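Coordinate-derived values only; no laboratory data. All values reported here derive from a predicted model rather than from experimental measurement.
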Amino acid sequence: MTKARGPGQRAGLTREAVLTAAREQLTEGGLDGLTMRALARRLAVAPNALYSHVQSKTGLVDELLDELLASVRTPDDADGPIAGLTEVMSSTYDVLTAHPDVVPLYLARQGARGANAVRLGEVMDALLVRAGVTGPAVAEARRVLIIHTIGSAAFATSAPDADRAIPTKESQRSFGQSLRWLLTGIAGSDPAPTRERPPKRRSVR
């Protein structure tokens, strides 16, 4: 018995075709130009055909961001934890700066969601544990590294006045140096959470 096909299947769509068209639409029109109707026109299908492959515009953006993370390099098992974290974050920086049109989306969504993001997060957590980070500090250190990398990529790919633009190589050098400082601090920090000291009581004379 032949299974009934959904709207997207009747249109001959695939997830890959939808994501490819969405990337093109995003590059040409930015986030405001990436609407389900505009994407449907680009693919020459009815808008409801898209929902067989993506749940919403937000879901589509999340898939685009996560798909890009598939090209981030992960270290060999033989690498030390700091070298491994350096490779993961440096590769993430390279991937982001090679696609400047999506960097603002990573900022807006505070990272990415999906299988590739989960995989990279697990790799980072394992490396952080090997570097001596324990307990809740693992998640916090991962978050700090991600924020630093996305923020650095956003700074490097912004479009300032021509006379104020920072050369690409200088931005890369600055990121590499700041990442080394950050990882040195993470590896050498006290894994216990910092507690606020109670305010000193003023003596009454």
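Karplus-derived 3J(HN,Hα) values for region 55-71, using 6.51 cos²θ - 1.76 cosθ + 1.60 with θ = phi - 60°, are 7, 6, 5, 4, x, 5, 4, 4, 5, 4, 5, 5, 4, 5, 6, 4, 8 Hz; glycine and proline are entered as x. The distance linking region 22-69 with region 105-119 is 16 Å (Cα centroid to Cα centroid, whole angstrom).
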